[in-house]
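Chemist: Can you read through this structure? Questions will come right after.
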Amino acid sequence: MAKYTTSDIRNIALCGHGGSGKTTLIDTLLNETGTVKKLASVDDGTSICDFDEEEKAHKYTIETSVVHIERNGKLFNIIDTPGYPDFIGQTIGALYGVDTAAVVINAAAGIEVNTRRVFAEAKKAGLGRIIILNKLDDEKVDFDKTLKLVQDVFGNNCVPFNTPNGNGHSFTTVQSSFADGAKYKDALIEAIVMVDETAMEKYLEGEVPSTEELAVLTKRAVLDGTLIPIVCVSGKKKIGLTDLLDAFEFCGLTPEMIQRTAKDGEENEVEIKTDAAGPVIAQVFKTRIDPFVQKLSFLRLYSGTLKNGQSIAASTSRRGIKIAQLFQMMASETKSIDEAIPGMVIAVAKLEELETGTTIGDYGMSPFPFPTPMVSLAASPKSRGDEAKLSGALAKITQEDSTFITRRDEQTKQLIITGMSELHLKVIQERLKRRDKVELDTKEAKIAYRETIQTNGDGMYRHKKQSGGAGQFGEVHIRMYPFPKGTDPEEFSLNKEMFPSHKDHHYDPSANFLWVDCIVGGVIPSNFFPAIEKGFRERMSKGVIAGYQVQDVAVELYHGKYHDVDSNEHAFKTAGSMAFKKVFSESRPALLEPIVKMEITVPMSNVGDVNSDLPNRRGRPLGIDDAGGGMQTITAEVPLAEIQTYNRTLASMTGGQGSYGIEFLRYDIVPGNIQQDIIKNAELAEEEE
């Protein structure tokens, strides 16, 4: 690596909507530069970047892959990213491993939903941005109209770096916008010099910057955002590829240009200096487990020098790690290297302590802002006895994919797998089957309803059992009260009018449950109180009316009886549980359902469709905001139960142009007619078991 300096490196992620031709573009660049000799094609399954079996089958990118090209004394680390929003987690990880995002647009299709998303994510990450207009050879393309659309959506700072010599099939070459007489020369240079006051003044006086000055100013303009260069290509026709690499070199940011920060051991924020002699600071932006169960961790090195055999701290390892071997990646292939300098994108193998987001070195970097997955399925192995195998297989997937979550729902007893969409979960199931030989049965996940009460209740239960030997006896009298979220448990329990005999109280914030001890005269010995409370809690976890967790309830234990011989902990636990069930059932019990906030972004023409559909889902629109480029964002509150398959509905409604996100808000009481159906279904399920 000594032949390169940090300023010779360009780290670039190609991102955009599915079908924009990112993977084909990289495959062609690798072939045309002689970096890779074999022919490569997404269509026939020989793509260099789409090497995963699921990618070959579906003919689209699912995981990011890293390649590198050496040209003109420069090293280009290029990351191919998925184009569908279902796999956005992979793209976000990649963006935090590079300095420049090249947003690829299918000129024939226009600006699609994920184009907007990745453009915004790149801005959020503080990256330089380049726009690549691909497929300009399509007969439907009109360059001027496409350029206007890009500028309408992303701003007039989007200026052609080059232009096509014709539209559609007549597109055979490109012309540099720096050339004399080029249509966009003035606009391009103005966008560049705007970043520097002195250069701007000279330009206004008629002095055009030299090529060397433009090279420096252009990168600054891209970093500042006063310029977003537009590069014209056709990946399949191999038109404009040389100019594209020139643009990467000329406009792509160098590793030292973006100011990044980390925290030292005392949590002080410090600026990272891109210095080979400085402290090592690197971060894992991707994890992959290959078919041979070899864990590969992809790192971006920001400071210091990494060498083989080096022992170093890691944020997810107590004892630190030892780097056995550094690798430079070419998609699925690894090449051993001796050391890495700041700016390098590299990989290390078989370090189980590393996770996506782990910081290497004595400084800590912020975790990546991955989106929250929102589509869940209940899953179980098709073959009995595969539970242990499934657990290990899912653990590998969660290491590779930060937008995939698994959990065991203690309430419903289901294994829940959660991802970004139905397609995301489908692909994961395919991978489990191929790689780990585990097949899943899946069904819609149960909604985690809750149970509560709406009025005060009072009652008792006597547990009495005599079976020849020692008997069982315990009698518990309780009062029950609604206990809304936000109620102060201390203030509530110390209300002298309500609890004149208050002795003690216990509060569980996880269920918003309060129980108050008002026993006087020792009618129940205090050593039985923990058993009574345990009976309350067990009943709460089982539910009363439909088998769901109870919450937002206060219970007053005010009277009872015991027997010197027959009373024991088991008897009082049972009495506590049954008293809770009896009084709860008589206190206008109700089901609560999770309510989420939705933000739905759709073309303006589909706003009416979405607003008409929301009431059918018991949704309540809150407002509409302009999202730019003819898109609108509708904000609404909707019960989670009503949007389990909304991904499908929205795609059908908007022709794939819509997207949405959800965020939990609160629990609300379920309407009576729906509540009856839920209770009936719970009873039927219990009978079947």
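Chemist: Run the numbers on segment 101-250 and let me know its relative contact order in percent, using alpha-carbon pairs under 8 Å that are six or more apart.
Modeler: Computed over segment 101-250, the figure is 27 percent.
Chemist: Where does helix 211-224 land angle-wise versus the long Cα axis of the chain, in degrees 0 to 90, nearest 10?
Modeler: That helix lies at roughly 20 degrees to the long axis.
Chemist: Can you flag which of LYS140/LYS237; LYS464/LYS542; LYS124/LYS335 are past 27 Å Cα-Cα?
Modeler: Violating the 27 Å limit, Cα to Cα: LYS124/LYS335.
Chemist: Could you work out [θ]222 nm for the chain from helices alone, using -39500 (n - 2.57) per DSSP H run of at least four and dividing by all its residues? Round to the nearest 500 deg cm²/dmol.
Modeler: -8500 deg cm²/dmol
Chemist: I would also like to ask the following. What percentage of the solvent-accessible surface of segment 426-495, computed with a 1.4 Å probe over protein heavy atoms, is contributed by carbon and sulfur atoms?
Modeler: Carbon-and-sulfur percentage of accessible area, whole number: 48.
Chemist: Also: Would you mind getting the Kirkwood hydrodynamic radius of segment 343-423 from its Cα pairs, rounded to one decimal in Å?
Modeler: Computed over segment 343-423, the radius equals 15.2 Å.
Chemist: A further question follows. At a 1.4 Å probe radius, which order do LYS22, LYS145 fall into by accessible area, largest first?
Modeler: LYS145, LYS22
Chemist: Also, I was wondering about something else. What angle, in degrees between 0 and 90 and rounded to the nearest 10, separates the Cα long axis of helix 241-251 from the longest principal axis of the Cα atoms of the chain?
Modeler: 70 degrees
Chemist: Excluding ALA40 itself, what net charge comes from residues whose Cβ is under 11 Å from its Cβ, given Lys and Arg +1 and Asp and Glu -1?
Modeler: -3
Chemist: Got the relative contact order for the chain handy, in percent, Cα pairs under 8 Å and 6 or more residues apart?
Modeler: 9 percent
Chemist: Moving on. With every protein chain left in place, what is the accessible area of LYS433 in Å² (1.4 Å probe, nearest 10)?
Modeler: Number for this one is 110 Å².
Chemist: Taking the Cα atoms only, what angle lies between the long axis of helix 422-436 and the longest principal axis of the chain, rounded to 10 degrees?
Modeler: 90 degrees
Chemist: Can you send over the solvent-accessible area of CYS49, 1.4 Å probe, protein chains only, in Å² to the nearest 10?
Modeler: 0 Å²
Chemist: Related question: If you roll a 1.4 Å probe over segment 16-102 with all protein chains in place, what percent of the accessible area is carbon or sulfur?
Modeler: Carbon and sulfur: 49 percent of the exposed surface of segment 16-102.
Chemist: Oh, and also: Quick one: pull the percentage of alpha-carbon pairs in segment 88-147 with a separation above 14 Å.
Modeler: 56 percent
Chemist: If you don't mind, there's one more thing I want to ask. Probe radius 1.4 Å, ligands and nucleic acids left out: which of GLU430, GLU637 has the largest accessible area, and how do the rest follow?
Modeler: Solvent-accessible surface, decreasing: GLU430, GLU637.
Chemist: May I pose another question? Could you run the Karplus curve 6.51 cos²θ - 1.76 cosθ + 1.60 with θ = phi - 60° over segment 294-306 and give me ³J(HN,Hα) per residue in whole Hz, x for Gly and Pro?
Modeler: 9, 7, 10, 10, 8, 10, 10, 8, 9, 8, x, 10, 9
Chemist: For LYS496, list the aspartates and glutamates whose Cα falls under 20 Å from its own Cα; do not include residues on the same chain fewer than 8 positions away.
Modeler: Candidates past the 8-residue exclusion: ASP458, ASP488, ASP504, ASP517, GLU556.
Chemist: Report the Stokes-Einstein translational diffusion coefficient (µm² s⁻¹, integer) for segment 197-325, Rh taken as the Kirkwood radius over Cα pairs, at 4 °C with viscosity 1.567 mPa s.
Modeler: 69 µm²/s
Chemist: Rolling a 1.4 angstrom probe over the protein heavy atoms, how many square angstrom per residue are accessible across the chain?
Modeler: On a per-residue basis, the chain sits at 44 Å².
Chemist: Defining a contact as two alpha carbons under 8 Å apart and six or more residues distant in sequence, what relative contact order in percent does segment 246-333 show?
Modeler: In percent, rounded to a whole number, it is 19.
Chemist: Calculate the length of the line joining the C-alpha centroid of segment 156-234 to that of segment 617-681, in whole Å.
Modeler: Segment 156-234 and segment 617-681 have Cα centres spaced 44 Å from each other.
Chemist: Just going by the charge dipole of the chain, with Lys and Arg at +1 and Asp and Glu at -1 on Cβ, which of ILE321, ALA199, ALA546 is farthest out on the positive end?
Modeler: About the Cα centre, the residue reaching furthest to the positive side is ALA546.
Chemist: Report the local net charge at ALA125: Lys and Arg +1, Asp and Glu -1, summed over other residues whose C-beta lies under 13 Å from its C-beta.
Modeler: Overall, the nearby charge balance is +4.
Chemist: Check each of the GluC sites (Glu not before Pro) in segment 503-606 and keep only those in coil by DSSP with at most 16 other C-beta atoms within 10 angstrom; list them in order.
Modeler: When the GluC sites (Glu not before Pro) of segment 503-606 are filtered for loop state and at most 16 Cβ neighbours within 10 Å, GLU586 remain.
Chemist: Among the aspartates and glutamates, which fall within straight-line cross-link reach of LYS443, defined as a Cα-Cα distance under 14 Å, with same-chain neighbours fewer than 8 residues apart omitted?
Modeler: Once the sequence-local aspartates and glutamates are set aside, what remains near LYS443 is GLU422.
Chemist: Counting pairwise Cα distances across segment 238-285, what percent come out greater than 16 angstrom?
Modeler: More than 16 Å apart: 59 percent of the Cα pairs in segment 238-285.
Chemist: Based on alpha-carbon positions alone, could you give the equivalent ellipsoid semi-axes of the chain from the gyration tensor, as √(5λ), descending, whole Å?
Modeler: The three semi-axes for the chain are 59, 28, 25 Å.
Chemist: Using 0.36 nm per residue, how much length does the chain from LEU665 to GLU201 gain when fully extended, once their Cα-Cα distance is taken away?
Modeler: Gain on stretching LEU665 to GLU201: 161.7 nm.
Chemist: Summarise the accessible area of segment 552-603 (1.4 Å probe, protein heavy atoms) by the percent that is carbon and sulfur.
Modeler: 46 percent
Chemist: Between segment 535-603 and segment 295-366, how many Å separate their Cα centres?
Modeler: 51 Å
Chemist: While we're on this one: Name the residue farthest towards the positive end of the dipole of the chain from the options PRO603, THR81, THR334, assuming +1 on Cβ of Lys and Arg, -1 on Cβ of Asp and Glu, about the Cα centre.
Modeler: THR334
The values are calculated or read from the model by the stated rules, or taken from the named source; none is laboratory data. What you are looking at is a predicted structure, and each value in this text was computed from that prediction instead of being measured. Neighbour counts run over all protein chains shown; Cβ positions are idealised from the backbone, glycine included. Just the protein is used for accessible areas: all its heavy atoms, side chains included, with ligands, DNA and RNA removed. Shrake-Rupley method; radii C 1.70, N 1.55, O 1.52, S 1.80 Å.
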